[in-house]
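Novice: To start, I am sharing the structure in question, which I have written as structure tokens.
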Amino acid sequence: MTAVFPITAATPVTFAGALPDTADVVVIGGGVIGVCTALFLARDGHRVVLLEKGRISAEQSSRNWGWIRQQGRDPDELPIMKEANELWRQLAAETNVDIGLTQGGVTYLASDAAAMARYEAWQKIASDQDVDTRILSQKQTDSLIPNMSRRYAGALYTPSDMRAEPWVAVPALAGIAVRDGAQIIENCAVRCLDVETGRIKGVLTEKGRIETSQVVLAGGAWSSLFLANHGIKLPQLSVRATVAATTRLPVVFQGGAADDKVAYRLRKDGGYTLAPGGFHELFVGPSAFRSLPKFLTQLRADPFGTRFLPAAPKGYPDAWGTARRWDADKVSPFEDMRILNPRPNAGKVQTITDEFSRLFPDLPDFRVSCAWAGMIDTMPDLVPVIDTVAALPGLTIGTGMSGHGFGIGPAIGRILARLATGRESGHALTRFRFSRFTDGSAMDLGPAL
Ligand SMILES: Cc1cc2nc3c(=O)[nH]c(=O)nc-3n(C[C@H](O)[C@H](O)[C@H](O)COP(=O)(O)OP(=O)(O)OC[C@H]3O[C@@H](n4cnc5c(N)ncnc54)[C@H](O)[C@@H]3O)c2cc1C
């Protein structure tokens, strides 16, 4: 890959056009969730418009590792993820773009017996749901991924898990959505919802108004800020996650693998995408303080997983100076930041490349061809909100994918398309209800890995 991240503010607009006066459904946000929602709405014959403030897939949906994994999921996400696996295969066959979809498996390498015990517990969940996850012994691990300098206690391995190239895949899905009748407009921020007598009547964008009775909010790291302007509280924060891409190297493993120091995944161009597995950084801002009580369970469970930084750069969703309230006739925070493009943590880029070289000492020398970061939108219980909003009829929320929304995206999009048009989703969604933050429920982290 090139030294510059593939989707930037300089990327030409692909999806343009005049704003329609009306739509059956408006989707806010052109990441994998919004794009797949628009795709399935269009397939069901609805007039759908997707509005994206920057470029399709310019934020999390292009910046992720590209793992399409069932492994380690929350038990309530697993049936949805199994559907997503099938959908990825179907959708990949419907586009003439090679999205790099490959069934290479996902492997978690256990550093000690405690990790093995967690993996064994999760394997039972997989087995109950007919997922082909296996526990590997030390010897089996060595033969699955040969030539590693480190000996592991064993591993958790799901052969049916896949990978794809995020910055290619999501724009390709947007192409399918448009072919199926969706309208997508880039460079168009939705400033506010148009609400009359407690119901949605339209959306107010920087380019004008669209009349609609149904809106799906799939705004990634911006969703809680968007909702706050309407007095709707969502305890969602975003954390910075750093990634590095290597130059082309011999194949060490076809899929994605991770230990406690480095995660790696072969890309279609022959390089590896590397990341520091369990590490991320939170820029502390007003929402972080406000949401702290809800996040305490997560903090206690993993006190060292998050590094705290005093303040977000200007214009970030939870920066101290970011407006919390605005009117539709003023420039909104969304136009001020067309693409959230955090600077990667240079120290971590060095650490993960060192770890990867140490782990595979036989690999030839390589360079980091590109490093980037993304702001992961995370929820206190690490599962998303997929629900309609009782207090504001016409609003459906699909956000807070908590670092694992790329793989599951197609199925979540299909579900949101159903919810927004008043139909059964075909999945149990209680775990993902919006009211869990206000109905006195404890924040349940579940057995996800
Ligand atoms: C470093 C990293 C690694 C990851 N690895 C994986 C992985 O391997 N596997 C996996 O499954 N997941 C992974 N994830 C998580 C995954 O990328 C996300 O969960 C997923 O992409 C979220 O999709 P989304 O559509 O909800 O949000 P996004 O992709 O962030 O899209 C939201 C979009 O909404 C737009 N928007 C926001 N507000 C407005 C507005 N008012 N008007 C118009 N547009 C608006 C934004 O510009 C943005 O483009 C990773 C994430 C990161 C950052």
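Novice: Looking at the range 156-168, can you tell me whether even one residue there is touching a Pro at 6+ places or on another chain (Cβ under 7 Å) and at pLDDT 95 or above?
Specialist: Yes, the range 156-168 contains at least one residue that is touching a Pro at 6+ places or on another chain (Cβ under 7 Å) and at pLDDT 95 or above.
Novice: While we're looking at this one, here's another question. Please enumerate the residues belonging to the range 229-247 that are away from the ligand (no atom under 12 Å from the Cβ) and either in contact with a Pro (Cβ under 8 Å, 6 or more places away or on another chain) or touching a residue at least 40 places away in the same chain (Cβ under 8 Å) (or both).
Specialist: Selection gives I232, K233, L234, P235, L237, T246, T247.
Novice: Name the residue that is farthest from H404 (Cα to Cα), counting only residues in the range 265-310 that are of a type in the set (F, W, Y) and assigned to a helix (DSSP H, G or I).
Specialist: My answer is F289.
Novice: Take the range 220-231 and flag every residue that is open to solvent by less than 30 Å² (accessible area, probe 1.4 Å) and assigned to a helix (DSSP H, G or I).
Specialist: Taking the range 220-231 as the starting set, the residues that turn out to be open to solvent by less than 30 Å² (accessible area, probe 1.4 Å) are 220-227, 229.
Within the range 220-231, G220, A221, W222, S223, S224, L225, F226, L227 qualify.
Novice: Next question, about the same structure. What residue, of A114, A92, A153, is more than 13 Å from Q71 (Cα to Cα), aliphatic (A, V, I, L, M) and free of Cβ contacts under 8 Å to residues at least 12 places away in the same chain?
Specialist: Among A114, A92, A153, only A114 is more than 13 Å from Q71 (Cα to Cα), aliphatic (A, V, I, L, M) and free of Cβ contacts under 8 Å to residues at least 12 places away in the same chain.
Novice: If you go through the range 324-354 one residue at a time, how many are among the small types (G, A, S) and within 13 Å of the ligand (Cβ to nearest atom)?
Specialist: Residues in the range 324-354 being among the small types (G, A, S) and within 13 Å of the ligand (Cβ to nearest atom): 2 in total.
Novice: Which residue is surrounded by the fewest Cβ atoms within 10 Å (Cβ to Cβ), if the candidates are limited to the range 147-187 and must be of a type in the set (S, T, Y) and in a strand (DSSP E or B)?
Specialist: T158
Novice: For the range 334-391, name all the residues that are more than 26 Å from V32 (Cβ to Cβ), part of a helix (DSSP H, G or I) and in contact (Cβ under 8 Å) with a residue 12 or more places away in the chain. Step through it out loud before you land on a result.
Specialist: Step one: filter the range 334-391 for residues more than 26 Å from V32 (Cβ to Cβ), giving 346-347, 350-351, 353-367, 390-391.
Checking the rest, the ones that are also part of a helix (DSSP H, G or I) come to 346-347, 350-351, 353-359.
Hits for the range 334-391 are A346, T351, T353, E355, F356, R358, L359.
Novice: Here is a further query. Scan the range 418-432 residue by residue and report those that are within 15 Å of R43 (Cα to Cα) and open to solvent by 70 Å² or more (accessible area, probe 1.4 Å).
Specialist: R418, R423
Novice: Related question: Give the number of residues within the range 37-70 that are open to solvent by 10 Å² or more (accessible area, probe 1.4 Å), within 18 Å of W88 (Cβ to Cβ), in contact with a Pro (Cβ under 9 Å, 6 or more places away or on another chain) and more than 7 Å from the ligand (Cβ to nearest atom).
Specialist: Here the count works out to 1.
Novice: Looking only at residues in the range 392-406 that are part of a loop (DSSP other than H, G, I, E, B) and more than 22 Å from V203 (Cα to Cα), which one is farthest from the ligand (Cβ to nearest atom)?
Specialist: Among them, the one singled out is S402.
Novice: Condition check: on the phi > 0 side of the Ramachandran plot and either open to solvent by less than 20 Å² (accessible area, probe 1.4 Å) or touching a Leu at 6+ places or on another chain (Cβ under 6 Å) (or both). Does G305 satisfy that?
Specialist: In short, no.
Novice: Name the residue that is most open to solvent (accessible area, probe 1.4 Å), counting only residues in the range 353-384 that are β-branched (V, I, T) and within 30 Å of R436 (Cα to Cα).
Specialist: For the range 353-384, the residue satisfying everything is I376.
Novice: Output the residue which, of all residues in the range 71-98 that are modelled with pLDDT of 95 or more, farther than 15 Å from G409 by Cα and not acidic (D, E), is farthest from the ligand (Cβ to nearest atom).
Specialist: Going through the qualifying residues, I end up with A93.
Novice: Just checking, does the range 311-333 include any residue being out of contact with any strand residue (DSSP E or B) (no Cβ under 6 Å at 6 or more places or on another chain), closer than 30 Å to L249 by Cβ and not in a helix (DSSP H, G or I)?
Specialist: Within the range 311-333 (the criterion being out of contact with any strand residue (DSSP E or B) (no Cβ under 6 Å at 6 or more places or on another chain), closer than 30 Å to L249 by Cβ and not in a helix (DSSP H, G or I)), the answer is no, since none of the residues qualifies.
Novice: While we're here: Among the residues of the range 194-217, are any over 21 Å from G394 (Cβ atoms) and away from the ligand (no atom under 13 Å from the Cβ)?
Specialist: Checking the range 194-217: not a single residue is over 21 Å from G394 (Cβ atoms) and away from the ligand (no atom under 13 Å from the Cβ).
Novice: Same structure, new question: In the range 22-36, what residues are of a type in the set (V, I, T), away from the ligand (no atom under 14 Å from the Cβ) and either on the phi > 0 side of the Ramachandran plot or crowded, with 24+ Cβ neighbours inside 10 Å (or both)?
Specialist: V25
Novice: Identify all residues within the range 229-246 that are over 15 Å from F283 (Cα atoms) and among the β-branched types (V, I, T); write none if there are none.
Specialist: I232, V243, T246
Novice: Pick from L234, L266, L249: which is touching a helix residue (DSSP H, G or I) at 6+ places or on another chain (Cβ under 9 Å) and open to solvent by less than 30 Å² (accessible area, probe 1.4 Å)? Let's see the steps before the verdict.
Specialist: Working: L266 fails: touching a helix residue (DSSP H, G or I) at 6+ places or on another chain (Cβ under 9 Å); L249 fails: touching a helix residue (DSSP H, G or I) at 6+ places or on another chain (Cβ under 9 Å).
Sole residue among the options that is touching a helix residue (DSSP H, G or I) at 6+ places or on another chain (Cβ under 9 Å) and open to solvent by less than 30 Å² (accessible area, probe 1.4 Å): L234.
Novice: Does the range 206-219 hold any residues that are open to solvent by less than 20 Å² (accessible area, probe 1.4 Å) and either under 30 Å from S357 (Cα atoms) or not in a strand (DSSP E or B) (or both), and which are they? Explain how you work it out, then say what you get.
Specialist: Our first condition is that a residue be open to solvent by less than 20 Å² (accessible area, probe 1.4 Å); within the range 206-219, this holds for 210, 212, 215-219.
Within the range 206-219, T212, A218, G219 qualify.
The values are calculated or read from the model by the stated rules, or taken from the named source; none is laboratory data. It should be emphasised that the depicted structure is a prediction, and the values quoted were computed from it without experimental measurement. All Cβ positions, glycine included, derive from the backbone under ideal geometry; neighbour counts span all protein chains shown. To get the accessible areas, we keep the full protein, side chains included, count just its heavy atoms, and leave off ligands, DNA and RNA. Shrake-Rupley method; radii C 1.70, N 1.55, O 1.52, S 1.80 Å.
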